[in-house]
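Everything on this sheet refers to the single structure shown next.
The values are calculated or read from the model by the stated rules, or taken from the named source; none is laboratory data. From a predicted model like this one, the values you see are computed outputs, not experimental measurements. As a convention, Cβ positions derive from the backbone with ideal geometry for all residues, glycine included, and neighbour counts pool all protein chains shown. Note: areas computed on protein heavy atoms with side chains; ligands, DNA, RNA excluded. Shrake-Rupley method; radii C 1.70, N 1.55, O 1.52, S 1.80 Å.
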Amino acid sequence: MTRLLESEKLLAAALLTPGVAILLLFIAYPFVMALWFSLTSIRVGEAGEFVGLANFEKAINDTIFQQAFKNTVFYTFWATVFKLALGMWLALLLNRHFRFKRIVRASMLLPFIIPTVLSAFAWRWMFDPTFSVMNWMLYHGGVITDRLPFLSSGDWAMWCAVLVNTWRGMPFFAITLLAGLQTINPDLHEAAALDGANAWNRFWHVTWPLLLPVTLVVVVFSVIQTFSDFQLIYVLTGGGPANSTHLIATYAYQIGVASGLLGEGAALSLFMFPVLFAVVWFQLRYLKRMENA
Amino acid sequence: MLIERKWKKWVYFYLPMAAFILFTLFPFYWMAVTAFRPDPELYRTWRQPSATPLWTLEPTLEHVKGLLQTTAFPQWLWNTMAIAIVSTAISLICGMFAGYALARLKFRGSEFLGTAIFITYLVPQTLLFIPLADIIRDMQLGNTPWALMLTYPTILIPFCTWLLMGYFKTIPKELEECARIDGATRFGAMVRIIFPVAVPGILSAGIFAFTLSWNEFIYALVFMASAEQKTVPVGVVSELIRGDIFFWGQLMAGALLGSVPVALVYSFFVEYYVTGLTGSVKG
Amino acid sequence: MSRITRRKFLQYSGAGMAGILAAHRAPVFAQANTVHILRWNDFVPAADKVLREVYAPEVQKAIGIKLNVETINANDIPARATSAIQSGNGPDIIMLLNNYPHLYSSAAVDVSAVADEVGKAGGGIYDASAQLNKVGGKWVSMPWSVVPALVAYRKSWFDEVGAKTFPKTWKEYHDVGKKLKAAKHPVGQTLGNTFGDAPTFTYPFLWSYGGQEVDAKGKVVLDSKETVESVRFMTQFWKDAHDEGGLAWDDSNNNRAFLSGDISASLNGASIYVAALNGKDKFKTEKGAPLHTDILHAPLPGGPKGTHAYHTAFNHMVMKYSKNAKGATELLRWAHKKENYDKWFTVQKGFAVGPTREWEKHPMWKQDPVMAPFGTAPLAQKRLMGFAGRPDKKAAEAWNKYIVTVMYAQACSGKMKPEEAVKWAAGELGKIYT
């Protein structure tokens, strides 16, 4: 027993076993199954036969999928940009000392805490063409004369989705970046200020570089979540109007589950993988370079 | 001089802060108003002169009561709590062990394993849930909380491992070495020295895991069959939406009440959460 | 990887886990004669109550079956059905809409005996339902009910613009609608990705202009002069008479809009009227009268090539994987008995009609003249999705991808010209009907 608890190799094996076992059984194994599905013409209740890359080919030529892919990239890009910018700004604000700091910090996390499905419903009703409180406010504020087509126009709907995703994810960025900010030695800022740097310069030349590792990590996690997002669009628009807000995940779900075409659905889902893989790979390489430096 | 400073403070701090608070919390205010709004008011379109979307003069508890008494909401709350706590516990333990192994122990393939664990985070649930249904059935776990308690860790373990790995790396090696010189085993040193020091990081990973498992939808939808087994997101969505009638009052009440437990957890631990992330971030 | 070895492997690991998890084993339904039925959350909540509080105890007494009723959001049934069929474990009976039985036919138990019996006793099952539930001459599922869709409209507002009766042609409807929209009472219709109100409008609309998805041999013929004409008309009709927010509507928006007095007419099941009836003090006209006194129902207008309708069919499939297929079939037989079905039927108040023709003569239809049109509505349904082909898997795929609906939506939103929209839709259909 002491040998087990002592030897690095054996201890490592023992410690890693529970986690790896769960991941193997509930991710790796079904993943291989799903890979197999994507190479067959499997449908609900029918095993289908091996068709090679036919499902992938069909997907690439599918105009709805092309739109979904574009949407996913658009959605992920803009939501991440906004989440980072606003999250950073909020983190800088929260880093100062002010009354009610604790309660403000805690309440800022609420959008992140509430289950996505539920908050998406709330937003959906806030954008509803007939009942929208947004329209009411803008109308009575004299900004608009007729309602805004929040979810009825493809472009508007995409931006609304970005808005809701930003609202939801910004707190996570803010709190994580705040943690990073608190590790930065205030002396560095003082030194820079003494050298005559203004607030923006101080941020750009002192804060930003030091925060880069944290930023990178939180951006990667966020990109992964956002790129494979399902719940938000499913609840907010269902992929409409006219299939214009579908993401890869929601479209794959509609094909695989609603139409029963499991093989094609699996192939669609798998298109997410290369992009995510590339994102993660770059980040890991960058972090490793920074560690070695 | 003082006036200039004050003006600056307003523009650079108070105004943006207020804007953020408004942006973040307005939906919650609106949800609360909707949850307490009587039905006739719910059906006023925004164009109608009598529309008052921002407040109600006749708050009512009927939606909350309806939610708690006519649906299995309390049961869903309990289910979600239990599942979240157990999944978090499992993920934390696995994450703590794996994080320690990857951060501190030298063995062949440690880098590969670390990357592999991270890669599993990339696999989307919309891809997995069909094959997983098969596996759950083979293990006879369908329609039991354990179906979720064992599958949620797949989403949670990678993140916990990464977070704790980073945190452990910042803990000076001397602490362990002292303990081992004093006769403790590696394992003993890990449990008795490292883990207590890493409590902020552990709490932080735990809170995040708790939130994620509270938020999960697809697996809960597919693996849970009966109304008593559902979780809050699935229950609220499937029972309070009858095709073309959304019970908005109850929906919003459910949304609010469904976030209360997690919010409470956060209110106690948010400071730990921040310091926890601080530690792992340093590494 | 043979299924047997994999299952054994998982059973061993499962057994290991089970040892630890003993207290939480899945309830094994093998004991007693239990039947687990999965249905949607009925738009008429009282009907679900009948299932749970009337059917369950009565069927237990009558034939010793323990009925377990589960209801979920209709949109989520495909997900549950798919995972149940794939994993071979799930509800004994699953309620399926429209032509889903064709999608899942390989997982179904043959219920021809029940269907023949019920059809004979009830004066014949509607032809449309028969087509949706029969594959290869066998009944793969049992039709339960049909929810007819009619246009609910505000009598007083139509009167005010000079339409004493509901328009009989699209052109008339267009003219009336223009006046209504000018009076701030537009027509409401969803063109969103929603299973209920969108296809029940767009498919009959397409057919009434002579357009169709495929010909009898399965060749895509959507791209035709008739289809383009229909899209062109719809685009103009949309701008002139409709609440343009309808592009984002789901099945519930038109209900809310109508009940709030925002729109003057909408294609829907009876749920708008029933909601107004049940909420006499909540829903009022602008003059203060209860809203339900101002609502009437009419079928969709006709186009140059005829009048068509589409009504949503609700069917029950007994699953092959079920361990109690016998009990499930008995349950269906019992539920379709006149005295039992009657209890469910009356509580619907006309929202749903029965699968056989005898229910058209039910005395309930005489009680409320506003609801009377629903009683005979299914007779107007002459076509199904995939016309002129069969309503089979390919038609289901086209239906699920909302191709026809999106065709109209693209044109009405201005994103595509009518000809482009039609070409796009035909292209999409082509990928399915290869």
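Observations
- Distance histogram for the range A:104-219 (every C-alpha pair counted, 10 angstrom bins, percent rounded to whole numbers): 12, 28, 25, 20, 14, 2
- Cα radius of gyration and Dmax for the range B:187-251 (Å): 19.0, 60
- Averaged over residues, the count of other Cβ atoms within 10 Å places the peptides C:248-255, C:182-189, A:276-283 in the sequence C:248-255, C:182-189, A:276-283, highest first.
- Neighbouring partner chain Cβ atoms per residue of B:22-31, average, 10 Å criterion: 6
- Nearest-20 debye value, chain C charge dipole, Cβ charges on Lys, Arg, Asp, Glu: 840
- The listed residues B:14, C:173, A:234 rank as B:14, A:234, C:173 when sorted by accessible area, largest first, using a 1.4 Å probe.
- Applying D = kT/(6 pi eta Rh) to the range A:62-149, where Rh is the Kirkwood radius over alpha-carbon pairs, T corresponds to 10 °C and eta to 1.306 mPa s, the Stokes-Einstein value obtained is 96 µm²/s.
- Over the protein assembly as shown, accessible surface divided per residue gives 39 Å², non-protein components excluded, 1.4 Å probe.
- Above-threshold pairs, the threshold being 27 Å between Cα atoms, out of C:181/C:415; C:343/C:401; C:394/C:423; C:284/C:349; C:120/C:168; C:343/C:393: C:343/C:401; C:120/C:168; C:343/C:393
- Of the residues A:17, C:253, C:113, the one whose Cα sits farthest toward the positive end of the charge dipole of the protein assembly as shown, with +1 on the Cβ of Lys and Arg and -1 on the Cβ of Asp and Glu, is A:17.
- Label-point gap, in nm, between residue C:224 and residue C:239 - each point 7 angstrom along Cα→Cβ: 2.7
- Extension gain, residue A:101 back to residue A:85 (0.36 nm per residue minus Cα-Cα distance, nm): 3.7 nm
- Ellipticity estimate at 222 nm from DSSP helix runs (n ≥ 4, -39,500 (n - 2.57)) divided over chain C, nearest 500: -12500 deg cm²/dmol
- Farthest positive-ward along the protein assembly as shown dipole, Cα basis, beta-carbon charges - from B:140, B:167, A:106: B:167
- Each Lys and Arg adds +1 at its Cβ and each Asp and Glu adds -1 at its Cβ; summed about the Cα centre, chain B shows a dipole of about 880 debye.
- Spatial separation of Cα centroids for the range C:58-100 and the range C:387-405, in angstrom: 24
- Extension gain (nm, one decimal) between residue C:346 and residue C:54, 0.36 nm per residue minus Cα-Cα: 103.8 nm
- Taken over the range C:255-371, the percentage of Cα pairs per 10 Å bin, counting from 0 up to the bin with the maximum distance, is 11, 31, 29, 20, 8, 1.
- Computed over the range B:1-133, the Cα gyration tensor eigenvalues convert (square root of 5λ each) into semi-axes of 45, 32, 15 Å, ordered from largest to smallest.
- Among the protein heavy atoms, those of residue B:58 account for about 120 Å² of accessible surface (1.4 Å probe, every chain in place).
- When the residues A:127, A:31 are ordered by accessible surface, computed with a 1.4 Å probe over the protein chains alone, the sequence from largest down reads A:31, A:127.
- Heavy-atom accessible surface of the range A:1-142: percent carbon and sulfur, 1.4 Å: 70
- Descending by average beta-carbon neighbour count within 10 Å, the peptides A:99-105, C:55-61 line up as C:55-61, A:99-105, the highest first.
- Alpha-carbon centroids, the range A:136-213 and the range B:68-135: separation in whole Å: 30
- Whole-Å semi-axes of chain C's equivalent ellipsoid (Cα gyration tensor): 39, 27, 20
- Semi-axes of the equivalent ellipsoid for the range C:93-178, Cα gyration tensor, largest first, Å: 40, 14, 11
- Cα-derived Rg over Rh, computed across chain B with Rh taken as Kirkwood radius: 1.07
- Note on chain A: helix-only mean residue ellipticity at 222 nm, from DSSP H runs of 4+ residues weighted -39500 (n - 2.57) and normalised by residue number, equals -22000 deg cm²/dmol.
- Across all C-alpha atoms in the protein assembly as shown, the radius of gyration and Dmax reach 29.6, 98 Å.
- Normalised alpha carbon radius of gyration of the range C:299-434 [divisor 2.2 N^0.38 Å]: 1.39
- Dipole of the range A:100-182, positive end: most advanced residue of A:120, A:175, A:151 [Cβ charges, Cα centre]: A:175
- Oblate is the label for chain A, because the ratio a/c of its alpha-carbon gyration tensor axes (a ≥ b ≥ c) is 1.5 or higher and a/b is not greater than b/c.
- Which of B:17, B:81 is most accessible, then next, and so on - probe 1.4 Å: B:81, B:17
- The charge dipole of the protein assembly as shown, taken about the Cα centre with unit charges on the Cβ atoms of Lys, Arg (+1) and Asp, Glu (-1), comes to about 600 debye, rounded to the nearest 20.
- Estimated buried accessible area (total), pair A and B, 1.4 Å, Å² to nearest 100: 9400
- Fraction of beta bridges assigned by DSSP in the protein assembly as shown that are antiparallel (%, nearest 5): 70
- Inter-chain Cβ neighbour average for residues B:262-268, partner chain, 10 Å: 4
- Label-point gap, in nm, between residue B:197 and residue A:183 - each point 7 angstrom along Cα→Cβ: 1.5
- Solvent-accessible area of residue A:96 with every protein chain in place, 1.4 Å probe, in Å² to the nearest 10: 100
- FRET efficiency, 1/(1 + (r/R0)^6) with R0 56 Å, evaluated for residue C:419 and residue A:49 via beta carbons: 0.90
- Ranked by the mean number of other Cβ atoms within 10 Å of their residues, highest first, the peptides C:103-110, B:203-210 fall in the order B:203-210, C:103-110.
- Contact order relative to length of the range C:253-353, as percent, for alpha carbon pairs under 8 angstrom and 6 or more apart: 19
- Peptide C:184-194 has a mean of 3 when you count, residue by residue, the C-beta atoms of other protein chains within 10 Å of its C-beta.
- The mean sequence distance of close C-alpha pairs (under 8 Å, at least 6 residues apart), as a share of the length of chain B, puts its relative contact order at 30 percent.
- On the beta carbon distance between residue A:32 and residue C:337, with R0 = 51 Å, the FRET formula returns roughly 0.55.
- Residues of the range A:173-202 buried by at least 20 Å² on assembly (accessible area, 1.4 Å probe, chain alone as reference): A:175, A:176, A:179, A:182, A:183
- For the range C:297-362, the fraction of C-alpha pairs more than 17 angstrom apart is 59%.
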